[in-house]
Amino acid sequence: MKRFFHLLRWTLARSKKSMWVIGASFTGFLLFLMGMVVIGIKDVAEYQHVVRQMTNLAIAIFILFLLISPSFLMANYRKRQGALAFLALPASSAEKYVVRFLLVTVFWGIALCAGFLCFDLIQYLIAHLSVGGQAQMGTFAYLLSGSDTTPIQAQGPFAATLAAWLLFFWFQSLYALGGTFFRRFQWIVVSVILVTVFIFVFSWLSGGGVRSFMQWILGNNIHPEGFFTVVSMVLALLIMLNYWLSYRLFRRTQLIQNRWVNW
């Protein structure tokens, strides 16, 4: 455990620049978009509406970021010096994999939240000038007060809610697998593959696939709770399989390999 935390501290120390870039870029991006919208706005209600819309946008970007971030598991292999230093660390492959996963998901996510907080504070100060000196509640205050920016609460059976969450983590595991299988442009390649698959699935659904599937469920008297329970179990197995394959690919990564795939 001591070795693991030493590896984590070493990784965070070498990743400070990337975390600053992520946070600052997110802050600048949100401020740029908001600046394009609020020019000329003097009405308090209109400004408040813009702030809420920016909060919704930030939440959507954060969720998307968490989804694709595992594809950057091997981003430190792009430069030979960094890769050599990482491989030379006295830690097991499992410890290195977990640390890299925590970095690109949890700690990069924290950097994104910090950038969001900076944006919130800056827009709160700007409100004094843009809406006649009447400062508005910050975006985090909207979230805590239960406004329409609060994430949608789960509705329906527990099994359906669990299946929805597992579906998200399954997609995340696909990006983790793609991040260790492909050597270049990982998240772009995985996204293109997923979009292509979705096009075929959507074509099947549009052709009456949903109707046939629902008729099969109703014809066999399958209870929705039981159906979503089975779906959750299958997704959980697929998530474990994807991460196991991703770890296996991570272990066999070679430094000298000028290929598009890690094989």
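Would you mind estimating how fast segment 59-100 diffuses translationally, via Stokes-Einstein at 10 °C and 1.306 mPa s with the Kirkwood radius over Cα pairs, in µm²/s?
For the chosen part, D equals 135 µm²/s.
How large is the Rg to Rh ratio of segment 159-202 when both quantities use alpha carbon positions and Rh follows Kirkwood?
Value, to two decimals: 1.06.
Could you compute how much accessible surface ARG183 exposes when probed at 1.4 Å, giving the result in Å² to the nearest 10?
Near enough 50 Å² of accessible area.
Multiplying the sequence separation of ALA45 and VAL201 by 0.36 nm and subtracting their Cα-Cα distance, what value in nm do you get?
Extra length available between ALA45 and VAL201 comes to 51.9 nm.
Taking amide hydrogens as modeled 1.01 Å from N in the peptide plane, which residues meet the under 5 Å criterion relative to PHE182, leaving out close sequence neighbours?
It is ASN262, by chain and number.
Please list TYR175, TYR243 from largest to smallest accessible area, probe radius 1.4 Å, with all protein chains kept in place.
Sorted by accessible area, descending: TYR243, TYR175.
For LYS79 and TRP260, FRET efficiency with R0 = 22 Å and r from the beta-carbon atoms, rounded to 0.05?
0.75
Give me the extension gain from LEU33 to ARG14: residue separation times 0.36 nm, minus the current Cα-Cα distance, reported in nm with one decimal.
Separation in residues times 0.36 nm, less the Cα-Cα distance, equals 3.8 nm.
Can you bin every Cα-Cα distance in segment 1-111 into 10 Å intervals starting at zero and give me the percent of pairs per bin, rounded to whole numbers?
Computed distribution, short to long bins: 12, 36, 24, 15, 9, 3.
Sort HIS128, HIS6 from largest to smallest accessible area, using a 1.4 Å probe on the heavy atoms of the protein chains.
Sorted descending by solvent-accessible area, the residues read HIS6, HIS128.
Ignoring everything but the protein chains, give the 1.4 Å probe accessible area of THR161 in square angstrom, nearest 10.
THR161 exposes around 30 Å² with every protein chain in place.
The values are calculated or read from the model by the stated rules, or taken from the named source; none is laboratory data. Everything quoted here is computed from the prediction, not taken from an experiment. Neighbour counts are summed over all protein chains in view; Cβ atoms, including those assigned to glycine, are modelled from backbone coordinates with ideal geometry. Accessible surface areas use protein heavy atoms only, side chains included; no ligands, DNA or RNA. Shrake-Rupley method; radii C 1.70, N 1.55, O 1.52, S 1.80 Å.
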